Amino acid sequence: MYKHLIRPVLFRLSPETVHHLVVLGVKAGFKIPGVAPLVKKFCEVKNPKLKRTVFGLEFENPVGLAAGFDKNATFFNEFSNFGFSFIEIGTVTPKPQPGNPKPRSFRVPNDKALINRMGFNNNGVDEAIKNLKKRHTNIIIGGNLGKNTLTPNEEAIDDYKLLFNKLYDYVDYFVVNVSCPNISDLHKLQDKDSLMSILNCLMAERTNKSSVKPILLKISPDLNFAQIDEVIDIVNETRIDGLVATNTTTGRYNLSITEDEIAKIGNGGMSGKPIKNRSTEIIRYISQKTGGKLPIIGVGGIMTPDDAIEKLEAGASLVQVYSGFIYEGPMLVKRINKLLLNR
């Protein structure tokens, strides 16, 4: 029903407009008594075989919602009913920021791709905390951390440190995001020295906490294998808990649209089906290089249950969906978990 009736109507509107309408509709609908448990019963797959413990956290199933969907932690309570075992909020920055000028989000429907240059638009960490205090779900919540656009790279460590400490009591794990292509010069923080400084700082801050919460690094699909080797060295040296592979790509491969259409869209990170193979390739490479001992959250191009299985078999411990959720609808999560049980 979603793909044949609902999606064609929604896709007549701009991606950002649809996002806001869907969120408003879901929040309004879930205020009706009985709707939340009904949706949960219909979408959730409960089975001990789906459970897995990764970086010290117990997940009800391996499927989560990727960062970028719930930027301000405004609807994770409602979306927890769609069968996810974890939701990553953000990217959150210390101060509110509007992001890049509109239009900044685009669909390529024939290729099941999304291209965006949102620019970490969010209402700031204090707003996210205010919303996280209203948490009434047991779903695992991750916090995706990014620096403000106007923060110089040499001061970025202060942004990540502030976010880490402010959010520590409200999320279950952290993801350091230095690989988003939509923030000017952010990619320079992937330099080994800069990245080591940020990660070592957060690891040191964690020693002062009463509980240990996992710290992960989100990496770009545009890294070559030599750069990925360097990332693995950084993980080993800093002793962070895992990786999220991968972010969006600046590439425009596997698209059927013309060069003129690509140029009209302009800059931005591409997600969806076109990056599926590259994301899986990186996951497999990291898993092989680390003997399967490094936890990886696999994300990128999961449009079908088979795509999720492919990521898990390549070495991912967990998977996240984003574009697939938009193109395939909320039942994708249930379909993934059902296929996992039937294997």
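Leu199: crowded, with 21+ Cβ neighbours inside 10 Å, modelled with pLDDT of 95 or more, of a type outside the set (Gly, Ala, Ser) and closer than 16 Å to Lys71 by Cβ, yes or no?
In short, no.
Suppose the filter is farther than 21 Å from Leu216 by Cβ, in a loop (DSSP other than H, G, I, E, B) and either touching a Ser or Thr at 6+ places or on another chain (Cβ under 8 Å) or among the aromatic types (Phe, Trp, Tyr) (or both); does Gly68 pass it?
It is false that Gly68 is farther than 21 Å from Leu216 by Cβ, in a loop (DSSP other than H, G, I, E, B) and either touching a Ser or Thr at 6+ places or on another chain (Cβ under 8 Å) or among the aromatic types (Phe, Trp, Tyr) (or both).
Yes or no, residue by residue, for (1) assigned to a helix (DSSP H, G or I); (2) buried (at least 19 other Cβ atoms within 10 Å of the Cβ):
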residue: Gly90; (1), (2): no, yes
residue: Asn100; (1), (2): no, yes
residue: Pro103; (1), (2): no, no
residue: Met118; (1), (2): no, yes
residue: Arg135; (1), (2): no, no
residue: Gly143; (1), (2): no, yes
residue: Asp158; (1), (2): yes, no
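Considering the range 303-343 alone, what residues qualify as being farther than 18 Å from Arg7 by Cα and of a type in the set (A, V, I, L, M)?
Matches in the range 303-343: Ala308, Ile309, Leu312, Ala314, Ala316, Leu318, Val319, Ile336, Leu339, Leu340, Leu341.
Need pairs with beta-carbon distance below 7 Å; first residue closer than 23 Å to Asn100 by Cβ and within the range 146-162, second crowded, with 19+ Cβ neighbours inside 10 Å and basic (Lys, Arg); sequence gap 6+ or separate chains.
Every condition considered, the pairs that remain are Ala156/Lys147; Asp159/Lys147; Tyr160/Lys147.
Of everything in the range 300-323, what is of a type outside the set (Phe, Trp, Tyr), in contact (Cβ under 8 Å) with a residue 40 or more places away in the chain and either surrounded by 24 or more Cβ atoms within 10 Å (Cβ to Cβ) or within 23 Å of Glu78 (Cα to Cα) (or both)? Give them in sequence order.
Those that are of a type outside the set (Phe, Trp, Tyr), in contact (Cβ under 8 Å) with a residue 40 or more places away in the chain and either surrounded by 24 or more Cβ atoms within 10 Å (Cβ to Cβ) or within 23 Å of Glu78 (Cα to Cα) (or both): Gly300, Met303, Ala308, Ala316, Leu318, Val319, Gln320, Val321, Ser323.
Mind checking which residues of the range 245-298 are assigned to a strand (DSSP E or B), within 28 Å of Met196 (Cα to Cα) and touching an Asp or Glu at 6+ places or on another chain (Cβ under 8 Å)?
Selection gives Thr249 alone.
The values are calculated or read from the model by the stated rules, or taken from the named source; none is laboratory data. These numbers come from a predicted model, not from an experiment. Because the Cβ atoms are built from the backbone with ideal geometry, glycine has one as well, and the counts that use them run over all protein chains shown.
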